[in-house]
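The next block holds one structure in the form of structure tokens; read it before the comments.
The values are calculated or read from the model by the stated rules, or taken from the named source; none is laboratory data. If you're wondering where the values come from, they're calculated on a predicted model, not measured in any experiment. A quick note on method: Cβ atoms are made from the backbone with ideal geometry, for glycine too, and the neighbour counts reach across all protein chains shown.
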Amino acid sequence: METDNILIGAGAGLSTASGIEYGGKRFEDNFKEFIDKYDFTDMYTSGFYPFETEEEKWAYWSKHIYLNNVGMSATPLYEKLHELVKNKNYFVITTNVDDQFYKASFDENRIFRTQGSYRYFQCQKACHNKIYDNSDIIKQMIRNIDDDLKIPSDMLPKCPVCGGPMDTNLRKDDYFVEDEYWHRQKFAYADYIDSVKDESTLLLEFGVGFNTPAIIRFPFEEMTFKNNKWNLARFNKDNLELMVKLKYNYKLLSVDEINDLGMNHEFLNRYIPLSDDIELIIDKLLE
Ligand SMILES: [Zn+2]
């Protein structure tokens, strides 16, 4: 890759491609008892299950957090990505909460983790602006799950300030804690964009779908559209469309559909849609 500036935007699809799958065999092998008790079908939907007690909730969540973050090291795909950009002027924005970029030795000053992390607890009611590494507590919880799939009550995490329950630091309600590091990295992301705005820059978007498109997907399109020195490579198995402004509304259109409408714009020369396996492409780039 010729350009020195690389902006990575990563969504759930990148972690799925790296092997961190929320369904199938990986789920069934690790959650057999929970599937028997609750009829869970995958880790995405089970994450929304309304557990009756905190003891049951943490029995499930400690395993979920361990399996997808605390107990994991870097996957080969994230390590290859790091290999690819480590000597570049890179920055990462990600909605993923599995911390794979950190595990794969990306510089924490060059990562904006917008939606939180499984690895941290916060006060459930956000009474103060701090997050806490939960890895030791999570490991302890897992060792103490009983036959009814509960953890002991005295192991429930309590807020050190208000004494109320703790929760995982995930953006799922109005109480998401954005701590000092979160704010610092939000500014670092804005500074990075400002510093490369007049330079040749490659945006690599991996596995970003339509759950929260306003965080990475739409801004990446818009910024590249406006800046003719930028190129956007979108890696996505299913969703390679662009958001296009028509006369009265916006619509998702494929490059072919845009061409058919005769809306040829030079931006299309700077947009690279890629539906192939991410790891295969990274392997080729590393050769
Ligand atoms: Zn509190």
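Couple of notes before you dig in:
- Among the residues of the range 262-287, the ones that are of a type in the set (Ser, Thr, Tyr) and surrounded by 14 or more Cβ atoms within 10 Å (Cβ to Cβ) come to 1 in all.
- Among residues of the range 108-155, those that are away from the ligand (no atom under 16 Å from the Cβ) and within 21 Å of the chain's Cα centre (by Cα), counted: 15
- Asn96 satisfies every condition listed in (1) buried (at least 20 other Cβ atoms within 10 Å of the Cβ); (2) polar (S, T, N, Q); (3) within 16 Å of the ligand (Cβ to nearest atom) except (3).
- Counting the residues of the range 184-242 that are farther than 19 Å from Arg113 by Cα, small (Gly, Ala, Ser) and touching a residue at least 40 places away in the same chain (Cβ under 8 Å) gives 2.
- Residue pairs whose Cβ atoms lie under 9 Å apart, separated by 6 or more positions or on different chains, with the first residue in the range 148-164 and under 19 Å from Ala59 (Cα atoms) and at pLDDT 95 or above and the second within 11 Å of the ligand (Cβ to nearest atom) and part of a loop (DSSP other than H, G, I, E, B), are Lys158/Gly164; Cys159/Gln124; Cys159/Lys125; Cys159/Cys127; Cys159/His128; Gly164/Gln124; Gly164/Lys125; Gly164/Cys127.
- Members of the range 240-277 that are among the basic types (Lys, Arg) and within 28 Å of the chain's Cα centre (by Cα): Lys245, Lys251, Arg270
- Members of the range 153-169 that are surrounded by fewer than 16 Cβ atoms within 10 Å (Cβ to Cβ), touching a strand residue (DSSP E or B) at 6+ places or on another chain (Cβ under 9 Å) and not in a loop (DSSP other than H, G, I, E, B): Lys158
- Scanning the range 20-67 for residues that are acidic (Asp, Glu) and either closer than 26 Å to Pro152 by Cβ or assigned to a helix (DSSP H, G or I) (or both) yields Glu28, Asp29, Glu33, Asp36, Asp39, Glu52, Glu54, Glu55, Glu56.
- Members of the range 204-224 found to be of a type in the set (A, V, I, L, M, F, W, C) and crowded, with 19+ Cβ neighbours inside 10 Å, listed by number: Leu204, Phe206, Val208, Ile215, Ile216, Phe220
- The range 69-107: number of residues that are under 15 Å from the mean Cα position of the chain (by Cα) and free of Cβ contacts under 8 Å to residues at least 40 places away in the same chain: 6
- Test: residue in the range 240-261 that is surrounded by fewer than 18 Cβ atoms within 10 Å (Cβ to Cβ) and closer than 22 Å to Glu199 by Cα: no
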